[in-house]
């Protein structure tokens, strides 16, 4: 009930200085009095109850008690429920007590004081004050960010997990070890975990800074090496399950070839990868060509990642920090190739102390040295590898050079890596990287052929000189900058060059009784090419909240290509003097013919969650390419995972890719004589759609099984050009184009923790190429069509120091194409004549590792192709009967021995 205090109006106090008011004045007077009365009454009647003044004095009373007293003293009706105040977190779960003494204050003000520390709100409705529960306040958040580092070396760790166990919420570090995680402000602790390291828990408090670097301790023994995070992968964003991770422990444990561990050979054990014998011929992923793999070294594309034509790779395992492989579901940040992505990152160098190592095998010597400078703000890493002996490789190279039918006098390869890093502040760090690698083959021979019937007097003297080298040079300058706890950027300038050069000189002269008759002849063949890329790139990682992780960026690349095919003989090169004095320098010309191409790309991708079961990575990539024609392409990328339960999930992906550069292999010679051509008016870019669907089950801790079915449709695949003499011009090449398709199913069982690790894989696949004139097309098997593939890779730790490992590979035979018999026919797109026999091979290794004081020693004994299976690498046709093929075997049983010391 309300009570109103009426305003008393004393009309006698109102005076007018009108001695004799007129009738009009009296009427105006009455109207003024009436308006004044109505004005004051309306002001009093419209006053809000909340504005009405009251007094309240309570001491250590509950809020409901204080509210009842306020209503009674002010004569105001208050509607509320006592349940609003029974449990109050601010009071430790007990009813909150209040004390106050307010006099002559508006009721609204008194209510504000009483309800200050509660969620209870109030509102006036028809003269009554109604109390109700307000919405839960959004918890205050804090974004933690920083780097996860190896405590012993300062090396930043890629794909390390940071998570809150209580909330089942976490993230993983990016390619530079940076993480960003948004949590409620009152979060007590976060945990970091990484394979091969002890789990680390970080206690948090409100006063602690938001930039936190986490130091992780490496495991000390082999038995401790494998540690898996307790949190399921679907709780982490970005997902650590992106792509296939190749771990250091795996390629260090894998059996060696001649004592030489190799990263690519481990990748060849994956179900989606096909190769020739011993890796010869490069990687062919899901029916694609060898040039369709995007191979990255610290983010820079590598044109040719092989030593000895794929038997070894350019990656020195001493400095590999991480390796990630994609065969489907490519994120939008990757582009340029159709079939796969192989992203390799090298170590930064030890910024805590000097550290080095030396190792030797039957094939190569290897060494590295890393050290800090500028009081730990910077680090430098230098490593080198080189062959030291020809005795294991000379026979292999000779077989590869069989078309020349000459022995090999010299073969070597080497790699040199260096990386310099410097930390200007917590938010800024700069990296400078350099790589140089090369293969070198040289041979010289002389022969004298005596002719009947005057063999003692008439002879032909001939010489053969062969020199070939190929290699990559890569350098990059990178700058990391943290704009905020949620935004990380990496800017990169890169230089990449691939060069090959093959020189062949054969001379002959006629002798009579040892006297030169002047009948001299020679032929020189020079095959050369240089590719050079200059590029700039900017990438951003943005973590706006716990359900989204966004990446975006752009890149520009300036390409230059310089291919040439030079042929000279006595009819074209007349000023040569004595044929016996000729050498390569007389013919080698500077490659002055160049053509250029510009490539610009931009991308955005968002990895996000919908509810607790759906996980998506959606992206869009835009690219434009110009040589003598402009191409513009948009590539959508979509991959998703649906979590059926804690242990199993379903996956699917859709990938559109475009490839502007194509590699054309020259002729029939089995050497890396590869010319790269850009898309142009006469050569459309290669394009592909790939669809995949699969599932994954975590059978138990550290044991998982996954399967995936795929279909890939490829357009504008290229075959070899005609062997034009001189500079090879884009418009002068007769390209052979075809479409391709591949489809199949893959199964992969992997164990990653405990003393036993490894995997089993099986693939059932088919790869075709469509050839023929329009209207008469037919699908024929491609060169690397292999129906069945079964691979096993296992390693077993025996105590703290010993480890046993082995792998077995089986693959059904690949087709032999007519082009291998009749080289005048276009290769790769010919009708298969027959299939080669099945390929299979067993490798084994036993290693011993011991650490004493500040040094660590490793011994490894291995055997490659343990039961001596003869696996043909390729076939040669017989000259008189070209339909008969002669198999060429590269490697039989090959022992390996390796010793390494780290100090």
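Quick look at the numbers
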quantity: Residue exposure sequence - 861, 809 - by fewest surrounding Cβ within 10 Å; calculated: 861, 809
quantity: Packing-based order for 153-160, 60-67, using average beta carbon neighbours within 10 Å, highest first; calculated: 153-160, 60-67
quantity: Distance between modelled label sites at residue 491 and residue 870, nm, 7 Å Cα→Cβ extension; calculated: 6.2
quantity: Highest average packing first - 340-347, 392-399, Cβ atoms within 10 Å; calculated: 340-347, 392-399
quantity: Packing-based ranking, highest mean first, of 292-300, 889-897 given that Cβ atoms within 10 Å are counted; calculated: 292-300, 889-897
quantity: At R0 = 35 Å, FRET efficiency that the Cβ-Cβ distance of residue 210 and residue 136 yields, to 0.05; calculated: 0.90
quantity: Additional length obtainable on full extension of the chain from residue 835 to residue 850, 0.36 nm per residue less Cα span; calculated: 0.6 nm
quantity: Spin-label pair residue 634/residue 681, simplified geometry with 7 Å Cα→Cβ offset, distance in nm; calculated: 2.9
quantity: Convex hull volume per residue in cubic angstrom - Cα atoms of the stretch 62-197; calculated: 164
quantity: Contour minus Cα-Cα distance for residue 100 and residue 69 (0.36 nm per residue); calculated: 9.9 nm
quantity: Cα-projected label distance for residue 547 with residue 770, points at 7 Å along beta-carbon direction, nm; calculated: 4.3
quantity: Cβ-Cβ FRET estimate between residue 755 and residue 624, R0 fixed at 60 Å, reported to 0.05; calculated: 0.70
quantity: Residues residue 610 and residue 358, FRET efficiency given R0 of 51 Å [Cβ-Cβ distance, rounded to 0.05]; calculated: 0.45
quantity: Residues 684, 112 arranged by fewest to most Cβ contacts within 10 Å; calculated: 112, 684
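No lab work stands behind these numbers, since they all come straight from the coordinates. Just so it is clear, the structure is predicted and the values come from calculations on it, not from any experiment. Methodologically, a virtual Cβ is constructed for each residue, glycine included, from the backbone with ideal geometry; neighbour enumeration extends over all protein chains shown.
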